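Written out below as structure tokens is the structure these notes cover.
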Amino acid sequence: MFPSAMKPATAVGSLHRADEQPTGAVEKVPTRAQIAVEDTWDLSALYADDLAWEQEFARYQLEYPKISRFMGRLADSSEALAEALEFENSVDFLCSKLHHYAGLKSSEDSSDNTNLSREARLQSAATRAAELSAFMTPEIQAIPDERWEQLLAADVLGVWRSALRKIRRNKPHTLTASEERLMALAAEPLGGFQETFSQLTNVDLKFGSLRDDRGRERELSHGSFASFLQSREPAVRREAFHRYYQVFDAHKFTLSATLAHSVKTGVFQARARHYSSALEAALFHDDIPAVVYDNLIASVRSGLEPLYRYYALRQELLGLEEIHHYDTYVPMVGGVETDYSFDEAAEMVLEALQPLGEEYVTTLRQGMASRWCDRYESAGKRSGAFSWSSYGAPPYILMNYKRDVFSDVYTLAHEVGHSMHSWFSNRAQSFQDSHYSIFVAEVASTFNEELLTHYLLTKTEDPRMRAYIINRQLDDIRGTIYRQTMFAEFEKRIHAAQEAGEALTLDYFRGTYRELLNTWFGSNFSLDTELELECFRIPHFYSAFYVYKYATGLSAALALANKVLSGETGAVESYLKFLSLGGSVMPLEALGIAGVNMASPEPVRRALGLFSRRVDELTQWGQSYSAK
């Protein structure tokens, strides 16, 4: 029997059931005060309250200027270098903890001036700290090679060797001390486009309300948009799509300028540091060859035929005369109960992760009971979901959970993957080696989603439910490999355009995005003009060259999950070792230890092969269902 799938779920905490809504009332997003305390995260493991944060912030302001006493002394002896590194580490640890709390409080409510002020003050202080410590990397890199090897051989630097080798590796892209100081000073103003995007999209934009397929008048927001797009009523999906993008259209010039400045900042920083391109600069830190990025785009582009078959199948199963983008999120398989409370979703995830062993599952269960997770949408809260960890603190999770959105169960599995990655890494590594790359982070999260899919498929004999879960897996691969690779190609194009001196105008962005939409959706797909504006609302486009890691991450995760689920000897141990490596080794090496070679296009091709087989399987189910 599929767990909880065929029975109504109970109401959760402070959320109101639809049948409790007064007639004619608009269902509004609740305020923070209306959310039950047990449904919010408990930040006391970071600071007891705002006053405790203020006291430690004051201490941080007194401490970080002391870094100046090490200037000019780093090559004196191994002990002198170790002392400077340990001091910088202590200041960085303090800043990380302060930032963790301030960032989480801001995420709770981006409209709260106290939260915004706290984060802004810390940012200013951190910028000043970076300015004062800017001498360290150039000074380390200026040490002659022979002297460097003598220093590094000392036992006192043993715990620093991995981090120090990374610093030396960056020597060709490190500037003089005075130039590094200027780069540090410029960091905050150069990053202003991110704050502009966040404030505009999370606070200022208002989308009004509309009726859902049950006749309820509901507020349209970033969070509820996904819910509306999963409506079985085409008219509701269409109205939500056009209403949502109507607001973006009204701000398209501001958003276009914001995105353009994001690109220009990336290109400036790459050129200032002597990289050949912004893409090379983004890949260098993880030691990822450009061929990995290019192979991803080429491999996925060559595998678009199954995607076109998927869209044709979706159109057929939904009985649509033509298919639009707003028709790509509603499940193709209807008539399935997917109303889960948060607690039910959490229990499903915990059961799905049993193959990873008792330590993994027990730690996660205890963490969820200890309020690691902030569960529901509230006014001013950051949209989407994330996991955020700092060394020695819980790996907190932000959700905007909707009980009628089945993909939110997967989002929870995804984010706890990040959280447990942080937990294993922080426990096994020193602070300086605990920070793992985003490249490997997306493996840990999507790996959990694959285990969830396997678990759900094993718990039902109902052909309709099985088809529903396969539909979900197809949507996951489509959204994570196909969609994110299209995004990756867009990012590569717009940065290359800036590097070539082209003007990044509104028309340029829309035209470039339209070309990609035409290719990736195919000639039989009806593309609404408003979809060209999608490029302005994707948060990751304002932190460039991130999205390709979703696609490579899922491809690696599929390969590793298959090893674990097939019972391959040592697969679980290798995977948990991978989680524990943190940043002590480079990403491709870490994945090699886990058991997958991402320098090869083979994992991506295998993932697309799975997608093709699942399209065939769902097509067969559709034919069988139609015959009945």
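The values are calculated or read from the model by the stated rules, or taken from the named source; none is laboratory data. Just so it is clear, the structure is predicted and the values come from calculations on it, not from any experiment. Here the Cβ is made from the backbone with ideal geometry for all residues, glycine too, and neighbour counts use every protein chain on show.
Of all residues in the range 286-330, those being within 30 Å of residue 599 (Cβ to Cβ) and of a type in the set (Phe, Trp, Tyr) number 3.
Taking the condition crowded, with 22+ Cβ neighbours inside 10 Å, on the phi < 0 side of the Ramachandran plot and in contact (Cβ under 8 Å) with a residue 40 or more places away in the chain, does residue 477 pass? Here the answer is yes, as residue 477 does meet what is asked.
To keep it simple, each residue is scored yes or no on (1) in contact (Cβ under 8 Å) with a residue 60 or more places away in the chain; (2) aliphatic (A, V, I, L, M); (3) closer than 23 Å to residue 342 by Cα; (4) assigned to a helix (DSSP H, G or I).
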position	(1), (2), (3), (4)
403	yes, no, yes, no
412	yes, yes, yes, yes
425	yes, no, no, yes
441	yes, yes, no, yes
446	yes, no, yes, yes
451	yes, yes, yes, yes
468	yes, no, yes, yes
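Note on the range 361-388: residues that are surrounded by fewer than 19 Cβ atoms within 10 Å (Cβ to Cβ), within 17 Å of residue 445 (Cβ to Cβ) and hydroxyl-bearing (Ser, Thr, Tyr) amount to 1.
Conditions tested, residue by residue: (1) out of contact with any Leu (no Cβ under 8 Å at 6 or more places or on another chain); (2) under 22 Å from residue 306 (Cα atoms); (3) of a type outside the set (Val, Ile, Thr); (4) at pLDDT below 95.
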residue: 519; (1), (2), (3), (4): no, yes, no, no
residue: 535; (1), (2), (3), (4): no, no, yes, no
residue: 540; (1), (2), (3), (4): yes, no, yes, yes
residue: 553; (1), (2), (3), (4): yes, yes, yes, yes
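The listed residues are 279, 259, and the only one of them that is modelled with pLDDT of 95 or more, buried (at least 21 other Cβ atoms within 10 Å of the Cβ), under 30 Å from residue 209 (Cβ atoms) and not hydroxyl-bearing (Ser, Thr, Tyr) turns out to be 259.
Residues checked against (1) at pLDDT below 95; (2) within 19 Å of residue 606 (Cβ to Cβ):
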| position | (1), (2) |
| --- | --- |
| 447 | no, yes |
| 452 | no, no |
| 456 | yes, no |
| 487 | no, no |
| 497 | no, no |
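When the range 176-186 is examined, which residues are found to be in contact (Cβ under 8 Å) with a residue 24 or more places away in the chain, out of contact with any Asp or Glu (no Cβ under 6 Å at 6 or more places or on another chain) and over 12 Å from residue 272 (Cβ atoms)? 177 - this is the single residue of the range 176-186 that is in contact (Cβ under 8 Å) with a residue 24 or more places away in the chain, out of contact with any Asp or Glu (no Cβ under 6 Å at 6 or more places or on another chain) and over 12 Å from residue 272 (Cβ atoms). Restricting the search to the range 139-150, which residues are surrounded by fewer than 18 Cβ atoms within 10 Å (Cβ to Cβ), part of a helix (DSSP H, G or I) and not polar (S, T, N, Q)? Hits for the range 139-150 are 142, 145, 146, 147, 148, 149. Going through (1) at pLDDT below 95; (2) exposed (fewer than 15 other Cβ atoms within 10 Å of the Cβ) one by one, residue 48 falls short only on (1).
On the stretch given as the range 237-264, residues that are more than 21 Å from the chain's Cα centre (by Cα) and of a type in the set (Ser, Thr, Tyr) total 4. Taking every residue in the range 304-320 that is within 16 Å of residue 608 (Cβ to Cβ) and surrounded by fewer than 20 Cβ atoms within 10 Å (Cβ to Cβ) and pairing it with any residue that is aromatic (Phe, Trp, Tyr) and at pLDDT 95 or above, at least 6 positions away or on another chain, the pairs with Cβ-Cβ distances below 9 Å are 304/482; 304/520; 308/521; 308/525; 311/521; 311/525.
Total residues in the range 64-117 satisfying the condition of being among the hydroxyl-bearing types (Ser, Thr, Tyr), surrounded by fewer than 20 Cβ atoms within 10 Å (Cβ to Cβ) and assigned to a helix (DSSP H, G or I): the figure is 6. Note on the range 475-528: residues that are β-branched (Val, Ile, Thr) and in contact with a Pro (Cβ under 9 Å, 6 or more places away or on another chain) total 0.
Filtered by the rule that a residue be touching a Phe, Trp or Tyr at 6+ places or on another chain (Cβ under 9 Å), over 16 Å from residue 382 (Cβ atoms) and among the polar types (S, T, N, Q), the range 93-123 gives a lone residue, 96.
Determine whether the range 549-558 contains at least one residue that is surrounded by fewer than 23 Cβ atoms within 10 Å (Cβ to Cβ) and among the hydrophobic types (A, V, I, L, M, F, W, C). Within the range 549-558, not a single residue is surrounded by fewer than 23 Cβ atoms within 10 Å (Cβ to Cβ) and among the hydrophobic types (A, V, I, L, M, F, W, C).
Residue 502 fulfils the conditions (1) under 24 Å from residue 306 (Cα atoms); (2) assigned to a loop (DSSP other than H, G, I, E, B) except for a single criterion, (1).
Every residue, every condition in (1) of a type outside the set (Lys, Arg); (2) under 16 Å from the mean Cα position of the chain (by Cα); (3) in a helix (DSSP H, G or I), yes or no:
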residue: 496; (1), (2), (3): yes, no, yes
residue: 514; (1), (2), (3): no, no, yes
residue: 532; (1), (2), (3): yes, no, yes
residue: 535; (1), (2), (3): yes, no, yes
residue: 546; (1), (2), (3): yes, yes, no
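State whether one or more residues within the range 239-248 are touching a residue at least 60 places away in the same chain (Cβ under 8 Å), in a loop (DSSP other than H, G, I, E, B), of a type in the set (Ser, Thr, Tyr) and buried (at least 18 other Cβ atoms within 10 Å of the Cβ). Checked against the condition, which is being touching a residue at least 60 places away in the same chain (Cβ under 8 Å), in a loop (DSSP other than H, G, I, E, B), of a type in the set (Ser, Thr, Tyr) and buried (at least 18 other Cβ atoms within 10 Å of the Cβ), the range 239-248 yields no hits at all. Kindly indicate whether any position in the range 195-214 is buried (at least 16 other Cβ atoms within 10 Å of the Cβ), in contact (Cβ under 8 Å) with a residue 60 or more places away in the chain and under 22 Å from residue 286 (Cβ atoms). There is no residue in the range 195-214 that is buried (at least 16 other Cβ atoms within 10 Å of the Cβ), in contact (Cβ under 8 Å) with a residue 60 or more places away in the chain and under 22 Å from residue 286 (Cβ atoms). Taken as a whole, the condition of being crowded, with 18+ Cβ neighbours inside 10 Å and either at pLDDT below 95 or more than 26 Å from residue 29 (Cβ to Cβ) (or both) does not apply to residue 358. Mind checking whether some residue in the range 329-339 is hydroxyl-bearing (Ser, Thr, Tyr) and in a helix (DSSP H, G or I)? No, that holds for no residue.
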